[in-house]
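The structure appears right after this line, and notes come after that.
Derivation of every value follows stated rules applied to the coordinates shown; laboratory data play no part. Model, not experiment: these values are computed from the prediction. Here the Cβ positions follow ideal geometry from the backbone for every residue, glycine too, while neighbour counts run over all protein chains shown.
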Amino acid sequence: MKRPVAAITGLGVIGAHGIGRAPLEEALLAGRPLASEVDRSTGYHESDSSRLGALVPKLDVSRWLPPVEARRLSVPSRFAVVAARMALEDAGLTSFDGRRVTVVLSTAFGALLFTEKLVRQILEEGPEAAQPFYFSECVANAAAARVAIALGARGANVTITEREAGPLLAVARGAQEVREGRADIAIAGSADELTGLLHALLDRFRSTARARRGGAEAARPFDAARNGVLAGEGAAVVVIEREDEARARGARVLTRVAATGAAFDSTAPVSDWGRGHEALARALRGALAREGRSIGTVDRIVSGASGARGGDRLESATLVAAWEGSSLPPVLTPKAVVGEFGGGLLAAAVLAACGAPFGRPVACETQDPELAVAPHDGSPLPAPHRLLITSLAAGGAAAWALLERP
Amino acid sequence: MPGADRGSPQPSDIVVTGLGAVTPFGWGVNSFWEGARLGVTAIGPFDRFDASRHRTHLAAQVPDGDIGGAPLRHLSLADRFAVASAREAVAAADLDLESCRERTGVFFGSSAGGMLEGEWFFEAHLRRGTRHAKRGLVASQQFNGPGDAVARAVGVGGQVETISSACASAAMAIGNALHALRRGDVDVALAGGSDALCQLTYAGFNALRSVDEAPSRPFRKDRLGLSLGEGAGVLVLESLAHATRRGARPIAVLAGEASTCDAHHMTAPHPDGSGASSAIRLALADAGISADDVDFVNAHGTGTPLNDAAEAAALKAVFGDRLRSIPVTSTKALIGHLLGSAGAVEAVATVLGLARREVHPMPDTGTRDPELGLDLVLGSPRVLPRVFCAISTSLAFGGANAVLVFTRSEPA
């Protein structure tokens, strides 16, 4: 019997670009980093630290999340509920059987602001000062639980925490729930917040980009001058359904989730990338082959390259090894614009699969001669047939997803 | 015999071939099972951190121990529990990873990761300034620290995925491993979870007034809350065909799993237990097993008034009047609530119960709650000569429910 096809029918996104698809498309076309000053007054930063992040601006989200409801939620929970409701509306889903709706969200660090506040209360004022509200919202699965409560989703409720690989693992799990009949609808995506503490910690690990020799502080994927990521925040959520059922209700299909895969590079240290590109390439090819796809039919790559020295080197080597010497299709690098948060990569990839044009990342000027990959130059491209999303996490995890034109 | 075929498992069935555990009873599965059989709780005074200013003062702490094997850098305490458990499980399964490295995955649950070390970092920052807070303390602070540490320590190349769905994390991870094996994404899975005691969870549960000042007494009339614990558990999972090819002996069959969500409240279960009962029914359906075939329940059994009542209602909804004759135990009464790794150690307890045909007891303290209508295993192990199937339930913050179904790997 033919296996059901998992299709993405809705996208909701909130990030440094604002709310929704249109401003994100504009930003990706412009190619400029969505960077703003991080609050460094919290005392965590070193004096010469990086200064910028892809921060969500003040936005009116009341259409998606009434203020009275928002007050009870942490920042990632707010982002997630906004994106989930937006995605359902985008999918045209107004009613459903909640028992058949699963929620799979990823987060790298959870509700950090509330976690920080709670730990501060415990350490500075004493444990008796700990507020239960902070505790219940600082668990990693708070955002997924809030989405479930907001939507009445009573299927599996899963929170994946595998850093940069998390969003694609969430999409994979959502697609599997639908394809294997455990759910009719999967709400899958990612939600993260960037706090001053997190920014300072990333900076102390030399993960964030820094200004150099009078140049701008920017993420430069695959560039010779790259020296770190633009840390970001926000949420992206997709609605996944069986394609036949989506079409039966008259829904528009944005793209198909044709294949997913994951692997681990055990040569990676805890907070950096390893050099296991050959094994990762074999895993990528194997994942596509299990779904009857071959790497040669991929005509677009949306890369998770972020401007990290080791991460981009591993990404480049893995792609070259996976293509076994053949020319790579155009490589898009949305993290140069939306920053390092998985939801931005996911949303950009869905838009790219729908044919949205991407501009040249303006901060990328000189391709790293040691790498065989460069970001696409911004010239017009036809809509892709098969788009590969890649995401290699610091620490070793890797995930891929193949999106296919319906 | 009603329900499933009680014969031998099929080649495509997913079996457990190795177990590992680090618990407050000690490092290793044998320490855990010997302690569990005695029915004496490990919950007591502890010194993982200074609890003098907390509302309660008891927990179940893992004694000092060694992770075995090669030393590794930047390991949090939760990472150490995880790596030790994984190494024990791999050794018990007699698994030569060289032959299947790229086809082996890690599916792990953790609720707090390296939060304990994160608190040390933060304390140093507050007291002495950020330059004195060593960044190495937070290198493995993330939720995915323990799972990634296992993958790095044993050198796997397949899918690695951490689930952080509070107290259902590890059960969900084991469930996800089951599906990955059935699909053929991996040939072998190391599935489990790890968490360490930390001030954030200790103060947080106390702030919710969810912690008992005495050791927790699940399903007892005078229960007043949970007790926290720490530790890790790991199961080696593979198809029976894969195990047979390499000459491994199955310990039990992971027959089914399911997850649901109450979608009701962040910290309280739905009082009618409908989300949990739905998860039990779906897990049994996934396993192709009738509720009539379940011989014992390793319950979530936290000891909080609301959770135990909701769980009992869920069990009653599924098993009806037969519930009064199904032995029910809670591992948390012995080693506390291990949060993100609770489902892993409780899965280990369930597998051992099936393999050794006995259910570990809870301490025989407190009065049974007659309103719950449960056949509690108290004081000494319950021997079940004809045991075939058991379920392990995990019911979490945010309403997440996960249920695992295990059966014996040999005919009852």
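Please report the antiparallel percentage of the DSSP beta bridges confined to the protein assembly as shown, to the nearest 5.
On the way: 80 of 120 bridges.
Percent antiparallel among DSSP bridges in the protein assembly as shown is about 65.
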Cα-based Rg / Dmax (Å) for chain B: 19.7, 68
Charge dipole (debye, nearest 20) of segment B:119-161; +1 at Cβ of Lys and Arg, -1 at Cβ of Asp and Glu: 360
Inter-chain shielding of B:395-403 (mean C-beta neighbours from other protein chains, 10 Å cut-off): 5
Trypsin sites (Lys or Arg not before Pro) restricted to segment B:332-412 and DSSP loop, no more than 14 other C-beta within 10 Å: B:Arg386
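What number do you get for the protein assembly as shown when its Cα radius of gyration is normalised by 2.2 N^0.38 Å, N = residues?
0.88
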Ranked by how many other beta carbons lie within 10 Å on average, peptides A:8-19, A:42-53, A:239-250, A:174-185 from highest: A:8-19, A:174-185, A:239-250, A:42-53
Loop-located trypsin sites (Lys or Arg not before Pro) in segment B:208-310, at most 13 other Cβ atoms within 10 Å (DSSP): B:Arg209, B:Lys221
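Could you state the orientation-averaged shadow area of the convex hull built on the Cα atoms of segment A:201-259, in nm² to one decimal? Could the numbers behind the result be given before it?
Working: hull surface 28.5 nm².
Computing the convex hull of the Cα atoms and averaging its projections yields 7.1 nm².
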Relative contact order, percent, chain A [alpha-carbon distance under 8 Å, six or more residues apart]: 24
Magnitude of the charge dipole, the protein assembly as shown, Cβ model with Lys/Arg +1 and Asp/Glu -1, debye to 20: 640
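Using the per-residue mean of other Cβ atoms lying within 10 Å as a proxy for protection, in what order, highest first, do the peptides B:303-313, B:103-113 fall?
Details: B:303-313: 22.6, B:103-113: 31.9.
In descending order of packing, they fall as B:103-113, B:303-313.
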Simple spin-label estimate for A:Arg120 and B:Arg368 in nanometres, 7 Å along Cα-Cβ: 5.1
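What number, rounded to the nearest 500 deg cm²/dmol, is the helix-based mean residue ellipticity at 222 nm of the protein assembly as shown, given -39500 (n - 2.57) per DSSP H run of at least four residues and division by all its residues?
-9500 deg cm²/dmol
How charged is the neighbourhood of B:His300? Take every other residue with its Cβ under 9 Å from the Cβ of B:His300, and add Lys/Arg as +1 and Asp/Glu as -1. Could you put the intermediate results ahead of the total?
Details: positive: B:Lys332; negative: B:Asp308, B:Glu311, B:Glu346.
With Lys, Arg at +1 and Asp, Glu at -1, the neighbours total -2.
When DSSP assigns beta bridges and you keep just the ones with both residues in segment A:257-404, what percent turn out antiparallel, to the nearest 5?
75
From the cross-link list A:Lys58/A:Lys117; A:Lys58/B:Lys134; A:Lys117/B:Lys332; A:Lys117/B:Lys134, which pairs have alpha carbons spaced over 24 Å apart?
On the way: A:Lys58/A:Lys117 21 Å; A:Lys58/B:Lys134 34 Å; A:Lys117/B:Lys332 29 Å; A:Lys117/B:Lys134 20 Å.
Among A:Lys58/A:Lys117; A:Lys58/B:Lys134; A:Lys117/B:Lys332; A:Lys117/B:Lys134, the Cα-Cα distance tops 24 Å for A:Lys58/B:Lys134; A:Lys117/B:Lys332.
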Cβ-derived FRET efficiency at R0 45 Å, B:Asp64 paired with A:Ser62, nearest 0.05: 0.25
Contact order relative to length of chain B, as percent, for alpha carbon pairs under 8 angstrom and 6 or more apart: 24
Two-site label geometry, A:Ser294 and A:Arg72: point separation in nm, points 7 Å out along Cα→Cβ: 5.5
Antiparallel bridge percentage (DSSP; both residues within segment B:274-412; nearest 5): 50
Qualifying lysines (Cα of each under 30 Å from Cα of A:Lys2; at least 8 residues distant if same chain): none
Taking only Cα atoms of segment A:257-404, radius of gyration then Dmax in Å: 14.0, 40
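Taking R0 as 30 Å, what FRET efficiency do you get between A:Glu278 and A:Arg213 from their Cβ-Cβ distance, rounded to the nearest 0.05? Before the final figure, lay out each step's value.
On the way: r = 36 Å, r/R0 = 1.18.
Once rounded, the FRET efficiency stands at 0.25.
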Number of partner chain Cβ atoms within 10 Å, mean per residue of B:115-122: 3
Taking segment A:150-200 and dividing mean pair separation by its residue count, relative contact order in percent (alpha carbons under 8 Å, at least six apart): 29
Per-pair calculated FRET efficiency, R0 = 41 Å: A:Lys2 and B:Asp222 via Cβ, rounded to 0.05: 0.10
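When Cβ neighbours within 10 Å are restricted to other protein chains, what is their mean count per residue of peptide B:196-204? List each step's numbers first, then the result.
Values: counts 0, 0, 2, 6, 12, 3, 3, 14, 11.
What the average comes to for B:196-204 is 6.
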Straight-distance crosslink candidates among aspartates and glutamates, where the alpha carbon sits under 16 Å from B:Lys221 and sequence neighbours closer than 8 are dropped: B:Asp212, B:Glu213, B:Asp308, B:Glu311, B:Asp364, B:Asp369, B:Glu371, B:Asp375
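Would you list the membrane-span-like helices of chain B, meaning whole DSSP H runs whose alpha-carbon atoms span at least 18 Å along their axis and whose mean Kyte-Doolittle value is at least 0.5? Can you show the working numbers first?
On the way: long enough: B:77-92 (23 Å, 0.67); B:115-128 (19 Å, -0.51); B:169-183 (21 Å, 0.41); B:274-287 (20 Å, 0.74); B:305-319 (21 Å, 0.63); B:342-356 (21 Å, 1.31).
Helices meeting the span and hydropathy rule in chain B are B:77-92, B:274-287, B:305-319, B:342-356.
Between B:Arg246 and B:His57, what length in nm is gained on full extension when 0.36 nm per residue of separation is reduced by their alpha carbon distance? Walk me through the numbers before you get to the answer.
Values: separation 189, 0.36 × 189 = 68.04 nm, distance 4.83 nm.
Extending this stretch completely gives an extra 63.2 nm.
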Percent of C-alpha pairs per 5 Å bin, segment B:76-192, short to long: 2, 13, 20, 21, 16, 11, 7, 5, 3, 2, 0
Peptides ranked, highest mean first, by Cβ atoms within 10 Å: ranges A:122-128, A:267-273: A:267-273, A:122-128
Rough spin-label spacing in nm, given labels placed 7 Å along Cα→Cβ, for B:Arg182 and A:Ala224: 5.4
